[in-house]
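Chemist: Quick one: this structure, given as structure tokens, is what I'll be asking you about.
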Amino acid sequence: MPQISSKTSKPVLRALFSALWLAFLALPILVFRVNSISGIIEYQWSRLPKLLAAGFLASLLWNYFQKRHLLKQESPKAGSSSAGPPITWADRFLARTDRYRWLSLLGFGLMVLPFFCSPYAVKILTTALIYITLGLGLNIVVGVSGLLHLGYAAFFAVGAYVYGLLNYYFGWGFWVCLPLGTLSAALAGLLLGLPVIRLTGDYLAIVTLGFGEIVRLLLTNSSLTMGPRGIGNIPPPGFFGLDLNEKFRPFLVEHLALNPYMDLNKIWIYLIILLIVVLTTIAALRLENSRLGRAWLALREDETACQSVGISPSQAKLTALTLGSSFAGLAGVVFAAQITFIAPSSFSFMDSIYILTIVVLGGMGSISGVIAGAAVISCLPEFLREAEEYRFLIFGALMVLMMVYRPQGLIRSVRSVCSRS
Amino acid sequence: MKPLLAVNGVKTFYGNIEALKGISLTAGSGEIIALLGANGAGKTTALKTIVGLTPPGEGQIIYAGGDITGKRPEDLIRKGLVLVPEGRHIFPALTVSENLMMGAFHRADKNEIASDLEYVFKLFPKLKERLNQSGGTLSGGEQQMLAISRGLMGRPKLLLLDEPSLGLAPIIIGQIFETIREINVSQKTTMILVEQNAKLALTVAGRAYIMTAGRVAMSGAAEELQNDENIRRAYLGG
């Protein structure tokens, strides 16, 4: 029947087109390789079919799930009225929206993933997760509450230095410093919030920029923080006082044939930040629909309107800055544990901008967007590494294209859909 | 009978500038008061001072038997003192229903909120049609309706309306003023109405205050003011 054939061929064609488009876009990154030592360009055409196949499959899958989602929306609970065997808990679990099943599967996948990756990949993944936490925190301030914040890295630094310093001077461990770092960053956010209560827009941006620089300069010039030399030898988080590599690596290598050079401490940090990302995502989702979230939204929309419905803009601002900063503190402590050495140069203005890019590129106010943005932004430079010195040029060009053709970000927030339709 | 609101000798400053040079006015329960005057006379400042947005430098404001001088707006809204700001100021990216629920932000009485919502839809059936549309896509008249409705969702005892006719077509203005009168009659809501369009304001208001340069120049029953030839020429534009 012609009808059916057209129905099946359409997604296939579309997938083919997407695959070609992806291959074209990724050509300079994945196929051309500049060998800067011998000064020649190598072409890795063998990668092209793999790329095409991957793009084709991904597009087909995406289409399939979207269609399923649509079908489900069209016929909700179609068979629920018909009499049948009693519903057991297993049925209920299976009937539970696909979303939960896929999410738990994804979570499990992400948990076992680092055991099969190279240490280098684990490092990139951990960094990506840290950036997701940072993005979610800044999203509260910039995306949801509409306060342009250009000094967010300062709060990241507070978290990292709380761990670094308390460990250096008092030998305190990761688990004590994690809540302390979070709290300190929140306090720093409150401290910044107090003078800027009355500021909005550009003025606020400038003050936050100044605050970020003050923190960086303090860290650079204070002898307490060891100045620009930074703090080294920051220990990994403890695991009930056991040495992970000594106790567990031989077992894993022997019985599961895993990579004998893997660093279980790094994997442990990865698992911790993974849990933190899950928790902060849940927190961000809950906050979005809470009273506080609505107050932030009102603040972003219109300050006068905010006041006329009885929301105090200054309170909304303070809570947004405090809570947003606490996310950065959390990420900071984990960051310090991950790279074991922290210096003021890791928390510069560029880093603030980097995090801001995640929020803007991902989609302001959209939680899934911020997660996607963080993943893309933190992994992209690694993929672009082969393009050597051109990578920031390509990075910048991609950013410009993105802002011109998709200003709502990778995944636009639900709210901006209504506002612009 | 004691008035619901009494403003006694209130002075308000913006920095060194004295915007209100000692005004006094009262609003009795169930009254509609019009606040008239030229641009810059201090009408909007008077409203902002009453709801606590610009706390007075001097003087006293008594509301429902209590001194509310210097209280914050978010506390006053709980007591039923609601301002519908000039220029509508709805939340443009939020839907109509979200905008309305924002008006009830400080309330927790779910059933009452639902019945207030029904009431608002009865007043402005158009809003019900546009429930899931974002506020920014509404026409000017609809936005004004939404702004007033959002104010009503706060269960006001005293509703302050700042220039509800601003920038609207005459036919829409007529509808809105008709509804304002209806709210006053059915809910016994006391209102203070700031308007440029003095003629129209005097048709719904019982009494009016005429302000010039931060002072109350004149006050009286709406009819009297309307019929006085001199006042009409001097303050009300013919």
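Chemist: Kindly check whether there is at least one residue in segment B:191-209 that is out of contact with any His (no Cβ under 9 Å at 6 or more places or on another chain), assigned to a loop (DSSP other than H, G, I, E, B) and within 14 Å of chain A (Cβ to nearest Cβ).
Modeler: There is no residue in segment B:191-209 that is out of contact with any His (no Cβ under 9 Å at 6 or more places or on another chain), assigned to a loop (DSSP other than H, G, I, E, B) and within 14 Å of chain A (Cβ to nearest Cβ).
Chemist: So, in segment A:270-326, exactly how many residues are more than 14 Å from chain B (Cβ to nearest Cβ), of a type in the set (D, E, K, R) and buried (at least 23 other Cβ atoms within 10 Å of the Cβ)?
Modeler: 0
One line per residue, one yes/no per condition, for (1) aromatic (F, W, Y); (2) crowded, with 16+ Cβ neighbours inside 10 Å:
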site: A:C177; (1), (2): no, yes
site: A:T208; (1), (2): no, yes
site: A:F211; (1), (2): yes, yes
site: A:P260; (1), (2): no, no
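Chemist: Here's another thing I want to ask about it. Of the residues in segment B:68-111, how many are of a type in the set (K, R), part of a loop (DSSP other than H, G, I, E, B) and within 17 Å of A:A295 (Cβ to Cβ)?
Modeler: Count: 2.
Chemist: Is it the case, given these coordinates, that A:G79 is modelled with pLDDT under 55 and open to solvent by less than 60 Å² (accessible area, probe 1.4 Å)?
Modeler: Here the answer is yes, as A:G79 does meet what is asked.
Chemist: When you look at A:L136, is it under 27 Å from A:L274 (Cα atoms) and surrounded by fewer than 21 Cβ atoms within 10 Å (Cβ to Cβ), yes or no?
Modeler: Here the answer is no, as A:L136 does not meet what is asked.
Chemist: Does B:A41 satisfy the criteria of being part of a helix (DSSP H, G or I), more than 9 Å from chain A (Cβ to nearest Cβ), open to solvent by less than 10 Å² (accessible area, probe 1.4 Å) and of a type outside the set (D, E, K, R)?
Modeler: Judged against the criteria, B:A41 is not a match.
Chemist: Considering only residues that are without any contact (Cβ under 8 Å) to a residue 60 or more places away in the chain and part of a helix (DSSP H, G or I), look in segment B:46-56 and name the one that is farthest from B:L200 (Cα to Cα).
Modeler: B:T49
Chemist: I've got another one for you. Mind telling me which of the residues A:K247, A:K266 ends up being touching a Pro at 6+ places or on another chain (Cβ under 7 Å) and either within 14 Å of chain B (Cβ to nearest Cβ) or open to solvent by 40 Å² or more (accessible area, probe 1.4 Å) (or both)?
Modeler: One residue alone meets the criteria, A:K266.
Chemist: If I ask for residues that are surrounded by 23 or more Cβ atoms within 10 Å (Cβ to Cβ) and within 19 Å of A:F239 (Cβ to Cβ), which ones from segment A:150-173 would you list?
Modeler: Hit for segment A:150-173 is A:Y163, nothing else.
Chemist: Sticking with this structure for a sec: Check off (1) within 11 Å of another protein chain (Cβ to nearest Cβ); (2) closer than 16 Å to A:T304 by Cα; (3) touching a residue at least 24 places away in the same chain (Cβ under 8 Å) for B:M101 and give me the number that stays unchecked.
Modeler: Of (1) within 11 Å of another protein chain (Cβ to nearest Cβ); (2) closer than 16 Å to A:T304 by Cα; (3) touching a residue at least 24 places away in the same chain (Cβ under 8 Å), only one is false for B:M101: (2).
Chemist: Further question on the same structure: Only one of these conditions is not met by A:L380: (1) closer than 10 Å to A:G135 by Cβ; (2) without any contact (Cβ under 8 Å) to a residue 24 or more places away in the chain. Which number is it?
Modeler: For A:L380, the failing item is (1).
Chemist: Does any residue in segment A:221-250 that is farther than 17 Å from A:T340 by Cα and free of Cβ contacts under 8 Å to residues at least 24 places away in the same chain come within less than 9 Å, Cβ to Cβ, of a residue that is surrounded by 15 or more Cβ atoms within 10 Å (Cβ to Cβ) and among the charged types (D, E, K, R) six or more places away or on a different chain, and which pairs are these?
Modeler: A:R249/A:D263
Chemist: Output the residue which, of all residues in segment B:140-172 that are open to solvent by less than 60 Å² (accessible area, probe 1.4 Å) and over 26 Å from B:G80 (Cβ atoms), is farthest from the other protein chains (Cβ to nearest Cβ).
Modeler: The extreme case among them is B:A169.
Chemist: Scan (1) farther than 24 Å from A:C379 by Cα; (2) touching a helix residue (DSSP H, G or I) at 6+ places or on another chain (Cβ under 6 Å); (3) at pLDDT below 90 for the single condition A:S326 breaks and write down its number.
Modeler: That leaves (3) as the condition not met.
Chemist: Restricting to segment B:202-223, name every residue that is open to solvent by 40 Å² or more (accessible area, probe 1.4 Å) and more than 21 Å from B:I180 (Cβ to Cβ).
Modeler: If the condition is that a residue be open to solvent by 40 Å² or more (accessible area, probe 1.4 Å) and more than 21 Å from B:I180 (Cβ to Cβ), then B:T212, B:A213, B:R215, B:V216, B:A217, B:M218 are the ones that fit.
Chemist: For segment A:362-421, name all the residues that are within 14 Å of another protein chain (Cβ to nearest Cβ), modelled with pLDDT of 80 or more and open to solvent by 50 Å² or more (accessible area, probe 1.4 Å).
Modeler: A:M364
Chemist: Counting only residues that are in a loop (DSSP other than H, G, I, E, B) and open to solvent by less than 40 Å² (accessible area, probe 1.4 Å), which one in segment A:215-234 is modelled with the lowest pLDDT?
Modeler: A:T225
The values are calculated or read from the model by the stated rules, or taken from the named source; none is laboratory data. This is a predicted model, so every value here is computed, not measured. Reconstructed Cβ throughout: ideal geometry from the backbone, glycine too, with neighbour counts over all protein chains shown. Quick note on the areas: whole protein, heavy atoms, side chains included, nothing else; ligands and nucleic acids left out. Shrake-Rupley method; radii C 1.70, N 1.55, O 1.52, S 1.80 Å.
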